Amino acid sequence: GFRMGIVGLPNVGKSTLFNALTKTAAAQAANFPFCTIEPNVGDVAVPDPRLDQLAAIAGSKQTIPTRITFVDIAGLVRGASKGEGLGNQFLANIREVDAIAHVLRCFEDDDVTHVEGKIDPIADAETIETELMIADMESIERRLANIARKIKGGDKEAVAQEKLMKQALAALESGKPARNVEVAAEDEKAWRMLQLLTSKPVLFVCNVEESSAASGNSLSAKVAEMAARQGAASVVISAKIEEELAQMDAGDAEMFLEEMGLHEAGLDRLIRAGYDLLGLQTYFTVGPKEARAWTIEKGTLAPQAAGVIHGDFERGFIRAETIAFADYVAGNGEAGAREAGKFRVEGKTYEVKDGDVLHFLFNA
Ligand code: GDP
């Protein structure tokens with residue numbers, strides 16, 4: 001599955017958020033009990049109102065949301081790239097995630113110590129990014145030295161890798177994270193294999209005080225500007241509110257949200273922002289037993305989308321009966337969509353669209 005790492009300086013609210021994420025009713029939804037893989041790893045349901053709509057139309061007995069994994073990566077401090085704090089362990093954990101949720105303290109509270117002595121989310125973001133950039137530079141230099149002999153011997157793969165590493169190094173040396181490097185489509189796989197920490201997409205999570213949860217504050221506005229400049233994303237959240245919400249039942253939570261002037265839980269926005277950041281989308285399977293959401297990367301073709309359900313579906317793929325979500329709703333189900341001419345039979349080269357309701361036919 002897809003993994004999102006939660007990072008940030010100590011005392012910014014990472015654990016509070018992670019605990020809320022994994023305790024919330026949504027995380028425990030459906031017939032998958034919330035599973036703690038490790039104390040700091042949690043699977044959460046991706047909230048999607050379309051799933052309930054489909055289930056209501058089809059009369060499905062249950063809904064099964066799709067999930068992404070969050071990893072609470074504690075221990076990043078100034079000097080981590082030099083082994084301070086949990087140092088290298090921490091960096092290894094980041095290498096294994098697909099994207100980074102970077103929590104920034106945007107709340108004032110004299111009772112909660114700030115490790116740098118003042119509230120400055122932009123400076124905090126730079127502190128962490130600097131550690132990651134140093135770690136990337138060191139790992140590139142090490143690897144360049146390791147492949148020097150292969151390059152002399154004319155090894156094509158090594159030469160291609162060297163080109164990418166030098167591009168990354170140039171960006172890093174000018175103070176820019178590796179995600180700023182423009183990579184040609186044919187190099188993308190090799191680029192990902194470099195596993196650079198600063199090449200991963202970043203979502204800045206502004207942890208604001210409760211009263212600013214709906215509007216954000218001046219600090220979160222600065223972070224949003226920074227994110228836009230860097231091609232990163234940002235969300236505003238109050239970890240305190242989310243902590244309280246996670247302990248309420250659905251009815252109380254809805255009333256509480258309304259009182260706070262919020263349309264939905266911040267965690268829902270966070271999960272969806274992470275999902276978008278990872279370039280993911282959803283398709284559905286709908287039947288009397290269950291309506292279920294499945295995750296694929298944007299651009300996935302029908303056989304590979306089927307493979308998410310089962311390897312046999314991909315290997316034996318014949319065709320995909322397809323109804324767009326809006327057509328399914330407009331037709332009030334499959335029969336109506338068929339009558340309206342919105343039922344399509346798609347083949348191996350069909351690029352699945354977000355919200356497609358699919359039924360796969362395959363050779364067993
Ligand atoms: P971590 O070190 O980043 O995991 O931070 P924690 O989640 O452990 O939070 C550190 C302290 O800050 C705890 O005492 C939290 O209760 C407090 N805290 C977290 N979020 C907020 C917030 O939004 N507002 C306030 N006032 N305190 C918070």
Condition check: surrounded by fewer than 18 Cβ atoms within 10 Å (Cβ to Cβ), more than 16 Å from the ligand (Cβ to nearest atom) and not in a loop (DSSP other than H, G, I, E, B). Does Q304 satisfy that?
yes
Residue that is closer than 25 Å to V236 by Cα and out of contact with any Pro (no Cβ under 6 Å at 6 or more places or on another chain), where the choices are R179, R149:
R179
Which pairs do you get when a residue that is assigned by TED's automatic domain parsing to the domain that holds A239 and away from the ligand (no atom under 16 Å from the Cβ), found in the stretch 7-32, comes within reach of a residue that is outside any helix (DSSP H, G or I) and modelled with pLDDT under 75, reach meaning Cβ atoms under 8 angstrom, with the pair 6+ apart or on two chains?
A27/F34; Q28/F34
Within the stretch 165-208, restricting attention to residues that are more than 24 Å from the chain's Cα centre (by Cα) and either part of a loop (DSSP other than H, G, I, E, B) or not assigned by TED's automatic domain parsing to the domain that holds E138 (or both), which residue is surrounded by the most Cβ atoms within 10 Å (Cβ to Cβ)?
G175
When you scan the stretch 266-278, do you find a residue that is surrounded by fewer than 22 Cβ atoms within 10 Å (Cβ to Cβ) and within 16 Å of the ligand (Cβ to nearest atom), even just one?
yes
Reported set for the stretch 213-268 where residues are in contact with a His (Cβ under 9 Å, 6 or more places away or on another chain) and in a helix (DSSP H, G or I) is L257
Among strands (runs of 3 or more DSSP E) lying entirely in the stretch 1-97, which contain 2 or more residues that are buried (at least 17 other Cβ atoms within 10 Å of the Cβ) and modelled with pLDDT of 85 or more?
3-7, 41-45, 62-64, 67-72
Do you know which residues across the stretch 310-364 are in contact with a strand residue (DSSP E or B) (Cβ under 8 Å, 6 or more places away or on another chain), farther than 28 Å from D276 by Cα and exposed (fewer than 12 other Cβ atoms within 10 Å of the Cβ)?
N363
Does the stretch 106-121 contain any residue that is assigned by TED's automatic domain parsing to the domain that holds G216, away from the ligand (no atom under 16 Å from the Cβ) and part of a helix (DSSP H, G or I)?
no
Any chance L144 is aliphatic (A, V, I, L, M) and either loosely packed, with under 14 Cβ neighbours inside 10 Å or within 27 Å of L270 (Cα to Cα) (or both)
no
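The values are calculated or read from the model by the stated rules, or taken from the named source; none is laboratory data. In this text the structure is predicted, and so the values were computed from the model without any measurement. Using ideal geometry, Cβ is built from the backbone for each residue, glycine included, and neighbour counts are taken over all protein chains shown.
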